1. Condition test on GLY21, is it at pLDDT below 90, part of a loop (DSSP other than H, G, I, E, B) and either over 23 Å from VAL5 (Cα atoms) or open to solvent by less than 80 Å² (accessible area, probe 1.4 Å) (or both)?
2. With (1) in contact with a Lys or Arg (Cβ under 7 Å, 6 or more places away or on another chain); (2) more than 27 Å from LYS89 (Cα to Cα) as the list, and ILE28 as the residue in question, which single condition is left unmet?
3. Taking the condition of being farther than 14 Å from ARG81 by Cα, assigned to a helix (DSSP H, G or I) and open to solvent by 50 Å² or more (accessible area, probe 1.4 Å), how many residues in the range 42-66 meet it?
4. Anything in the range 30-41 that is surrounded by 10 or more Cβ atoms within 10 Å (Cβ to Cβ) and among the hydrophobic types (A, V, I, L, M, F, W, C)? List them, or say none.
Amino acid sequence: MQGRVFVHAAKLDATNVAQYGVEVSTEIMIMADGQSLEGVGVIPNERILPSPADILQARDPVLARAAELGGVRMTPEEAGRILPFKWPKERMPEID
């Protein structure tokens, strides 16, 4: 499937903004057997979820593993610093 992502932000008050988004399917892929994955899905080879301690300590074991699969070595701590929990105001999306 292919989709398009729509990201929006809503101003909550003078200093707070809520970001949200939605991905809308625009195309569907048909497999060699003529079937679609729509409504069926796939089972991941690995199930990796951050623990509450990971979240509390800003570690991202999921991104670290994804990077490793792509040939990049990084610790969960390094991965946790790539995407900040609180985005700088100048990097926030435009408010609709």
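The values are calculated or read from the model by the stated rules, or taken from the named source; none is laboratory data. Note that the coordinates shown come from a computational prediction; the quantities given were computed from them, not determined experimentally. Glycine gets a Cβ as well: all are built from the backbone with ideal geometry, and neighbour counts include every protein chain shown. Accessible surface areas use protein heavy atoms only, side chains included; no ligands, DNA or RNA. Shrake-Rupley method; radii C 1.70, N 1.55, O 1.52, S 1.80 Å.
1. no
2. Of everything listed in (1) in contact with a Lys or Arg (Cβ under 7 Å, 6 or more places away or on another chain); (2) more than 27 Å from LYS89 (Cα to Cα), ILE28 misses just condition (1).
3. Qualifying residue count for the region: 3.
4. Correct list: ILE30, LEU37.
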